[in-house]
Structure formats: C-alpha cells, structure tokens
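Quick notes on the structure that follows.
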Amino acid sequence: MTKHTLDTAWVRAQFPAFAEPSLQGQAFFENAGGSYTCQPVIDRLFRFYTQRKVQPYADYEASRLGGEEMDEARTRMAAILGVATDELSFGPSTTQNTYVLAQAFGQMLQQGEAIVVTNQDHEANTGPWRRLAERGIEIREWCVDPETGALNPDDLENLLDENVRLVCFPHCSNVVGQINPVVEITALAHAAGAFVCVDGVSYAPHGFADVGALGPDIYLFSAYKTFGPHQGLMVIRRPLGELLPNQGHVFNGDSLYKRFTPAGPDHAQVAACAGMADYIDAVYAHHFDAEVSPAARGTAVHDLMRAHETTLLQPLLDAVATRNSVRLIGPSDAAGRAPTVALALNRPGEEVAAELAQHGIMAGGGDFYAGRALSAMGVDMDKGVLRLSFTHYTSESEIDQLLSALDAVL
C-alpha cells in the first residue's frame, strides 16, 4: 500500500540514536549543527574499517571492493542530485571545499572583475570569497532586509553587470531559515553572464535538492548534517569545472571529480556516503510503489520530509510569535522556511539553551558563524540567539516537549 504521509515511527527505527539508552528522554533540537546518523551509513563505515581498510583500487579483493564502494557512493548520490557522476566531488568539509573553489576562482578572475556575496550566509560560504579582495577582485555585498532577514532578488539585479563573474548565496540561512528562490536567482545571474554557487548546507538536511533542475553551477552541502559521515559534497557542473584551473595533483587534472580535492580522500567516509543513498531508497520503498529514477526518488522523499517538518514547525512558530520577549528571526510561515528557528531573547541564547537542557531539550545558543546576518538584523551579538532546529525524524511528542520546556524557561 502506498503511503504519502511520513511514517515517523519507521523513520526513527532507522536511526540507532533513538534506541540509545543514554539519549532516552532527550529531544534533539540542534540538528542544524549536525544530524543523527542513519544505520546504513554506520553499517558501511563499520564494514569498510573492518574489511576494506586498505589502499583502494588495486586488484586484490579487499582493495577492489573498497574502490567499488567509493565509486558507488559517487554514482548513487550524483544520480539522486540529478547530475553526472563526475560532477560530484567529496572533500573533508564544505568549508574546505569552498576555500579550494575560491582559490581556483582567484586564479581565473582578473583584477576588476566582481563576485557577489551575501550577508545572510554562514561564514564558510562568504569568508573565502571575500578574501579574494586581496587579489584585486571586487566584492559586492547583497544585503538582507534588516527587519526580515530576507534577500530580495530585485536588490541582486542592481548589483549585476558585465563585471560580475560569480554570485554566491545560501539555499537557506542557518539562522534566518527562509528558503531562497534558487531557480529565480540562478536565472538572474546566468542572464548577466555570471556563474552561481549555492551553499546548500542548511537546506540539504530537509531533503536533497535536484541540483540539475535548480540550475546552479556549484552546489555544496555537508554529509554530517544529512545523516552521514563528516564529508563535504560538492557539485560542480562540467562547463565550469573544466574552465577553472586544476587545484589537485597535476596527474589528476583530467579528472573532473579530482580537480578540486587537493588532499587525498577519506576512503572510508566517502564509501559510507552510499549509506545516505541506501536510506533515501529505503524511505522511498517504504512509502511509495512506483519505479522511478533516482532523482525522482530523491524528490519524492524530499517532499515527504518537508511536509512532515512543515506540519511540526508551524505550532512552534506560532508559540514563539506570541511572546513579547522573543524576536523570531525570519518568516513566521512554516511553508517558506526550514525548521531552523533562531530566537533573539533578552538574555544570552547559550544561557537559555543550558536551561532547556534541564528539561531534556538539546539545543544551542550563540551566533552560529552567521554574525554578519545577525548583526545586520540588529541582534545583540553579546547575547546571540537561541537556535532550535529539527528534521524529519523529529516527532510530534518531541515538539510538545519543546513547547513545554519553552514555557518553563521563557
């Protein structure tokens, strides 16, 4: 029987953390900092470390199987993301991947050419680009609305001209939460002759995007926030990837997926990323009957996750919106944002997070490397924000636990 509502009990059974005795009674609301890991990823990581921990791609069986598992991860994840297999690279983190990309653009661009960045970004997707000003590259800032934290595409149009070679922005901010219109923004940038880099770190935990359909030239996210190991996944579409100068070993210059990973890959963690594809396929098989492409499976699971999250998110947004002592950062409509909720309070966010822990709520406080966005919105940086973030495995009872804890603490 086809089920179109997320089976939360089944989902939670795929994550060992929910059966872990030391975590019982605690509700996890710091998923934007890193998610629980699904069983297929743990199984693959364990198998690699116990059976395949040798140099991969040689002819003996352990090595051959290790290489095959690494290739499987790239092939299957690229298919889910709607891109060619060699357009997907693995690196140690999204921060590192972005830094390498910035070095490549720094070599390619000429003095006087421009890059557009935003002040809505996490520092990882803005700092490396801003440093290129030291090489004579003009950095133009696309600024958020100080009241809402939103990015207005009309403001971007005013920044675009023939000198702009790259536009960098987040799919959604890790504090504002609003989902940016990637297709619209990408079309604007492409029409002006610029490439597009999208930071998907804060969006991907809520469903993998069909990057091929969205259209950006670069899309980055972190596997440790999408139920996997600590790896950064980076899509670079072929026309751009072949244009940028090689950042890897000279003998890897002809390999698209190796050109932007100067360090050797973590073999075990790359292989374990296939467990994320295992999980997506399992969620799809549990809820749907039709045979479809990997990208279509990814989209169907994305929509299931988003529908569940949106249903749980709205009561939280409604509850905090009624409190005079709380400023909700970002939109109050769950349909237009990720379930990453930052609250500016009259005392430090870290202090409130510590009090919530006494009620079994695992949350975080601070600036979350998004100081530019929070400062632009007038948040007191000495206090920062309280951040409450969840994903599709969160249950309705955990939302109730959170709301009760907020009543007690606020």
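Every number in this text was worked out from the coordinates using simple rules, so none of it is lab data. Values in this document were obtained by computation on a predicted structure and should not be read as measured data. Note that each Cβ is placed from the backbone with ideal geometry, even for glycine, and that neighbours are counted across all protein chains shown.
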Checklist entry - Expressed as a whole number of Å, what is the distance separating the alpha-carbon centroids of the stretch 34-71 and the stretch 391-410? => result 37
Next on the checklist: Taking each pair of distinct Cα atoms in the chain once, what is the resulting Kirkwood hydrodynamic radius in Å?
Outcome noted: 21.9
Next on the checklist: I want to verify a result. In a Gaussian network model of the chain, Cα cutoff 10 Å, which of these has the top mean-square fluctuation: Glu123, Glu309, Glu20?
Outcome noted: Glu20
Checklist entry - Over all distinct Cα pairs, what is the inverse of the mean 1/r for the stretch 1-55, reported as the Kirkwood hydrodynamic radius in Å? => result 13.7
Next on the checklist: Quick check: the distance between the Cα centres of the stretch 137-196 and the stretch 217-242, to the nearest angstrom?
Outcome noted: 20
Checklist entry - Glu351 to Glu123: extension gain in nm, 0.36 nm per residue of separation minus the Cα-Cα distance? => result 79.7 nm
Checklist outcome for this item: Here, Gln314 and Thr148, labelled 7 Å along Cα→Cβ, have an inter-label distance in nm of 2.0
Next on the checklist: Let me spell out the model: positive unit charges on the Cβ of Lys and Arg, negative unit charges on the Cβ of Asp and Glu, origin at the Cα centre of the chain. What dipole size does that give, in debye rounded to 20?
Outcome noted: 680
Checklist entry - Under a GNM of the chain (C-alpha, springs under 10 Å), which listed residue has the highest mean-square fluctuation: Cys172, Cys143, Cys197? => result Cys143
Next on the checklist: On a full-extension model of 0.36 nm per residue, what is the gain between Thr322 and Met108, subtracting their alpha-carbon distance, rounded to one decimal in nm?
Outcome noted: 72.0 nm
Checklist outcome for this item: Distance in nm between Arg64 and Ala133 label points, each 7 Å along Cα→Cβ, equals 5.6
